[in-house]
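Worksheet for the structure shown next.
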Amino acid sequence: MNIFSIIEGRILDAVAALQSQDVLPGDVEPKGLTVEAPRDAAHGDVASNIAMVLAKQAGLKPRDLADLIAKQLRSGDGIEAVEIAGPGFINMSLGKEIWRDVVWAVLEQRDRFARSNVGAGMAVNVEYVSVNPTGPLHVGHCRGAVFGDALANLLDFAGFGVTREYYINDAGAQVDVLARSAYLRYREALGDDIGEIPPGYYPGDYLKPVGQGLAAEHGRALLDKNEDEWLPVVREFAIAAMMDLIRDDLETLNIHHEVFFSERSLIEGGVNAVAETIAFLKRQDLVYEGRLPPPKGKLPDDWEDREQTLFRSTNFGDDIDRALIKSDGSYTYFASDMAYHRDKFLRGFKTMIDVWGADHSGYIKRVGAAVDALTEGEGDFDVKVCQLVRLFRAGEPIRMSKRAGAFVTLRDVVDEVGSDPVRFMMLYRKNDAVLDFDFAKVTEQSRDNPVFYVQMAHARAHSVLRNAEEVFPDILEDLEKCDRSVLESLVDKGEITLMKRLAQYPRLIEGAALAHEPHRVAFYLYELASDLHVQWNRGKDLPQLRFIRSDDRGLTVARLALVKAVAHILASGLTILGVHAPHEMR
């Protein structure tokens, strides 16, 4: 039950009525119509710009048109007052029965409430994490992992057909470095003194089990082979081991992908997808041989002024054209990324969402240009950049990890504070803003700790339901059997506030899904939790407002219905975020 959609329907009915009376032309179109909660609650419950949208088409002044529409709206059930504000905004105050209908809808629909068909089953590919398979995930990867997973949950809840994907960067120099690093650990496992790990290699102890696994599988056989013989063997083994490590890390946050796509598969297995992609662009006259201008500032050591194969990226808004083939004849990373995104499109994904770290933000224009070219404008490509995570302990910055030696791993964080605080706090700030994560604050039991505050609200709601049974042993049966009329006794301003907050949830879900912003759900849950805690505290000071009234069974049933509805929505939102909704806090 989406109150805002219902009111939008009422507004459009009012417009249609004016058209039938020849007050408005029959061909007016309400493009740009908004129906939303006013910023100032004193202006009512719902505001619309419909008069300003249609005024020019109708040949009327916005306020005059607003008056005509307002007269139509005032005759509708559930609308208590309609006022005109400013240049022609229509502000509406809704009757209490509307809010009670929302509570009843929650109780009837439960976990189906606010599920939307705004996505209409549209296939959406959400690619997130996609870390080079060269080591464990660190806390920076953690934020993108949680964001991508929560976004996928949100889109699924809003009716999109979501595929969660991980792109394995298993081609290129970094995996060869991984293989050589693992080979050192293999020699070490066989008893060789390998000395200091050479500069540029991966020094982490996490490669020791890989070396031991190689030794167990191959014995000393690899020592007798040349590098070009042992490198592919070790590389494949090490990549598989690293992906197992990464999956285990993600499992601690209950994150699972449906698709793991290998970069190497683009050029191996019989079909060279990168070559096909370049050929496709050539047929569109989007590839040519030319020279790139030198980069601004100090030239890098590997800069070469040479003729090369270039993609006309500037045709699609990029700053410069982009190279596709290196001087040694191999493909650039960008060429592989182009082929990968074309593959997504060919698999049926017109909508592609990539979740990247802040260090990749400079890459957005070129990949966006590529998607535009490769899909001939049909692709919808969105990159969500997750900014840095700064770790603190009681206000003091943390820089080193006892396990990894150079960075704080995802597992370090989850092992210390748990999955729920990590997931909620990674979403309790917009993804493109730097996030401060304090180990002490995310585990304290106070309002200043959002995850505790929200989970406590859900636990408190269930505590109220349990406590009610002690006063009225069979009252939950009454709650299950009651009809909508029981809600008529909900008249207190705090109860109305809670009902209005519940009414916002369907609109919140649709807006957050369409904007690809799961943090909106976290913010909403905190506000809903705050409303519940406030009403509970009011009952401590004013006994007549308590959820459980030992002298009034009927009123108690009504208030329990409201509490139960709040618990349903808290659980729904927490599920989208991937956070548990506890019935008790321990």
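FYI, it's all coordinate maths here, none of it is from the lab. Please read these numbers as outputs of a predicted model, since none were measured by experiment. We place every Cβ from the backbone using ideal geometry, glycine too, and count neighbours over all the protein chains shown.
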Two-site label geometry, Ala394 and Lys96: point separation in nm, points 7 Å out along Cα→Cβ
5.1
Just name one of Pro473, Ile197, Val521: the one whose Cα is farthest towards the positive end of the charge dipole of the chain (beta-carbon charges, Lys/Arg +1, Asp/Glu -1).
Pro473
From DSSP H assignment alone, runs of 4+ in the chain each adding -39500 (n - 2.57), the sum over residues rounded to the nearest 500 puts [θ] at 222 nm at -15500 deg cm²/dmol
Give the Debye-formula value of log10 I(q)/I(0) at each listed q (0.07, 0.09, 0.10, 0.11 Å⁻¹), with one equal scatterer per alpha carbon of the chain, two decimals each.
-0.58, -0.88, -1.01, -1.13
Can you tell me how much longer the chain between Tyr363 and Leu542 gets when fully stretched, taken as 0.36 nm per residue apart minus their C-alpha distance, in nm with one decimal?
58.6 nm
Mean Cβ count within 10 Å, highest first, over the residues of peptides 120-131, 143-154, 559-570
143-154, 559-570, 120-131
Cβ charges +1 (Lys, Arg) and -1 (Asp, Glu), total dipole of the stretch 3-94, debye:
240
Can you sort Lys225, Lys31 from fewest to most other Cβ atoms within 10 Å of each residue's own Cβ?
Lys31, Lys225
Hey, what do the phi angles of the stretch 376-381 turn into as Karplus ³J(HN,Hα) couplings, whole Hz, using 6.51/-1.76/1.60 and θ = phi - 60°, x for Gly and Pro?
6, x, 8, x, 10, 10
Mind giving me the nanometre distance, one decimal, between the label points for His256 and Leu346, set 7 Å out from Cα along Cα→Cβ?
2.9
How do Cys142, Cys482 line up, fewest other C-beta atoms within 10 Å first?
Cys482, Cys142
Vicinal HN-Hα couplings computed from phi for the stretch 28-41 (Karplus, 6.51 cos²θ - 1.76 cosθ + 1.60; Hz; Gly/Pro x):
5, 10, x, 5, x, 4, 10, 9, 8, 6, x, 5, 9, 4
I'd like the per residue volume of the convex hull spanned by the Cα atoms of the stretch 3-94, given in cubic angstrom.
84
Filter on Lys282/Lys350; Lys344/Lys384; Lys481/Lys564 - keep pairs with C-alpha separation over 19 Å:
Lys282/Lys350
At 0.36 nm per residue, and after removing the present C-alpha to C-alpha distance, how many nm does the segment from Arg466 to Lys225 gain when stretched out fully?
79.8 nm
May I ask for the Kirkwood hydrodynamic radius of the stretch 325-477, worked out over all distinct Cα pairs and given in angstroms to one decimal?
19.8
Going by the alpha-carbon gyration tensor, a ≥ b ≥ c the square roots of its eigenvalues, is the stretch 86-238 rounded (a/c under 1.5) or, if a/c is not under 1.5, prolate (a/b greater than b/c) versus oblate?
prolate
Nearest-0.05 FRET efficiency for Val534 and Glu83, computed from C-beta distance (R0 35 Å):
0.80
Tell me the Kirkwood radius of the stretch 450-577: reciprocal of the mean inverse pair distance over distinct alpha-carbon atoms, in Å.
15.1
Using only Cα atoms, figure out Rg for the stretch 453-522 and give it as a multiple of 2.2 N^0.38 Å.
1.44
Given the stretch 157-301 reduced to its alpha-carbon atoms as identical point scatterers, what log10 I(q)/I(0) does the Debye formula return at q = 0.14 Å⁻¹?
-0.90
Show which lysines lie in cross-link reach of Lys61 when reach means a straight Cα distance below 27 angstrom and same-chain residues fewer than eight apart are skipped.
Lys31, Lys71
Tally the DSSP beta bridges in the chain and give the antiparallel ones as a percent, rounded to 5.
45
Taking the dipole of the chain about the Cα centre (Lys, Arg +1; Asp, Glu -1; charges at Cβ), the one of Pro543, Val454, His141 that reaches farthest to the positive side is Pro543
Taking the alpha-carbon centroid of each part, what is the distance from the stretch 456-515 to the stretch 189-233 in angstrom?
60
